[in-house]
Amino acid sequence: MTDARDRPYATGARTAGTRQPPPDMGAPDGAPPQPGGPASAPAPPGNGAADQSAELARMEDRYKRALADLDNYRKRSARELQAGVEQSREALLRDWLEAVDSVERALQMSHSTPGADGLRALLEQMEAILARQGVRRIGAAGEQFDPERHEAIEARVTNEASDRTILEAVRSGWAIGDRVLRPALVIVARRPESAAG
């Protein structure tokens, strides 16, 4: 039987395999801390309720701002849409006024012909359509000249009318509400220089 002293390598291996570090030995320098060791102490608890309240307030503020932006966008879009509708409507009415002018000129040239009655009936119908759309004539004789509503094509010196009074409307003007669709072309009275002074 071989004595254990004749196999020192076996004894050394067995001895090294059973060697344990001292219980109080820490991790070597540079090694990561082990779970449960001194370096893994729990962090101090934060103020979670206050953080959640602050985040909720920020979200509520962003929500209110988004609602205000959406409301402003809707109002602006509605105004732009209404303006576009009004512009299209007024453009159509101006085209209609050209047809009215043509009928009026035809009536002036043939007021005593057999077809005059038909032209007058047509003109009345066209004016009734304009009236239903809120369109009215402006620039009648006797009105005071207003550069916002009238366009003077002649100033006629006379003592028979007040200064800057419309003597004649060469072409009728038209307005819808407070907006002028087309200014009237008018002849305006001017007093003589001696009378004006």
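The values are calculated or read from the model by the stated rules, or taken from the named source; none is laboratory data. Bear in mind the structure is a predicted one, so any value in this text is a computation, not a measurement. Note: ideal-geometry Cβ built from the backbone for every residue, glycine included; neighbour counts use all protein chains shown.
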Open item on the list: Residues to consider are Ser112, Ser172; find the one that is modelled with pLDDT under 90 and small (Gly, Ala, Ser).
Closed with: Ser112
TODO: Return only the number of the condition from (1) in contact (Cβ under 8 Å) with a residue 24 or more places away in the chain; (2) of a type outside the set (A, V, I, L, M, F, W, C); (3) farther than 27 Å from Leu93 by Cβ that Arg149 does not satisfy.
DONE: (3)
